[in-house]
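Engineer: This is the structure I have questions about; it appears just below.
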Amino acid sequence: MKQVLTLVVQVKVDIKQQQLLLDTARVFASACNWINQNVNPYFTNRNSIQACCYKDVKYQFRLTANHVVRACARVAANRLTAKQKWKKVKSIKPTSFDCDARTFRFIEEDWTVSISTTGKRLTAPIRASNYHRGKLKGQKPTSAQVCLHRDGNWYVHIQFKSEPPKPIKTDNVIGVDFGRRDIAVTNTGQSWSGKEIQDKRDKFARVRASLQRKASQGTRSTRRRARKILKRLSGRERRYQAWLNHNISSSIITEAKTTQSFVSLEDLTGIRERTNQKPRNKTERRRSNSWAFYQLRTFLEYKGIKEGVEVLAVNPAYTSQTCHCCLHIGLRSNKSFQCSNSRCGWTGDADDNGSKMIALVGLSVNQPRGSELLACPINSRATESPRILCVG
């Protein structure tokens, strides 16, 4: 299975070339919106959409054949994504257009790209760092997306396929326990506190609430300034969270690759729906719903594929309440855990215990006859019967 990598590289274009790219993006977006409005909204396959409107779009918008095909594919992809979220595609902004092997070409000799537009075909150099040069050397990408970013510069999102290394078969495991107090805790001793990100989220929430109140109740100049500041702050909290999750996932995958281990983590699918049913105040509900655990999981999964590290999601049931030493249900209070088994009596950090339990469950799933690992190691003649954890 090949992995699709995307490299974001800035294109150095002059004023005339910028206008050509902007005109192409506008026509491409107009074509996409026309397709979305006039083709059966239940069609999510690009071939079905293309069969319905290819000639009309090509005649009306004067796009090249390849750009028409890519416009149909863009609408199909957006519809499919919206369908999974039970939503509809509203409109497509004129800030980007897609290219294929005929409308885009990367020239390694002088590190330039050739892009087909609605006017003439342009050739422009790219600002390639050492990382970009290492990834693009010897590659012949067949697809790209030309985008206008928030900073006003044009970038090319170059996509190419690579063969990832095969995952290493190993008995070593790194268990990762997700949480809000500590974003992630591993059984190897690594932990990342969630206090800083929670403080930042609380600060952004207070600032947004204040600006939104001024944007609706202040004077005309106050409302204008408040809306301007809101636009400037838009996405800053999200970008900080993504940056933090990138750092955490990179550290975990690097350690797993160095120690030749696989990663075992919790499958927390549906946790928001379950926790939102509990009575909580507005602040706690906002903090819980802004917890980006799924983003961290996806970062771990795609970095693991890239580095040849297997990432396994296990059932999280009772992993935070079970003692990793004897598999008895213990008592957890905030950050502390105490085993209720008198023959064991282990006490310590609750998140550390949870990460070790997740590692144990992951090891049992990853190995043949691994369920034998989930048996109480203490003498079976003990009066207390052990609680065996179900991993199904």
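Read-outs throughout are calculated quantities, based only on the coordinates presented, and are distinct from any laboratory measurement. Keep in mind that what you see is a predicted model, and the values were worked out from it rather than measured. FYI the Cβ positions are ideal-geometry reconstructions off the backbone, even for glycines, and counts take in every protein chain you see.
Engineer: In segment 212-257, how many residues are within 24 Å of the chain's Cα centre (by Cα) and not acidic (Asp, Glu)?
Structural biologist: So the answer is 25.
Engineer: Among residues belonging to segment 306-341 that are assigned to a loop (DSSP other than H, G, I, E, B) and surrounded by fewer than 17 Cβ atoms within 10 Å (Cβ to Cβ), point out the one that is nearest to the chain's Cα centre (by Cα).
Structural biologist: Restricting to residues being assigned to a loop (DSSP other than H, G, I, E, B) and surrounded by fewer than 17 Cβ atoms within 10 Å (Cβ to Cβ), the top hit is Gly308.
Engineer: Another one. What number of residues within segment 272-305 are in a helix (DSSP H, G or I), of a type outside the set (Ser, Thr, Tyr) and in contact with a strand residue (DSSP E or B) (Cβ under 9 Å, 6 or more places away or on another chain)?
Structural biologist: Total satisfying the criteria: 8.
Engineer: Considering each residue of segment 75-105, count those that are surrounded by fewer than 20 Cβ atoms within 10 Å (Cβ to Cβ) and in a strand (DSSP E or B), and give that number.
Structural biologist: Count: 1.
Engineer: Can you pull out every residue in segment 286-305 that is surrounded by 15 or more Cβ atoms within 10 Å (Cβ to Cβ) and of a type in the set (D, E, K, R)?
Structural biologist: Arg287, Arg297, Glu301, Lys303
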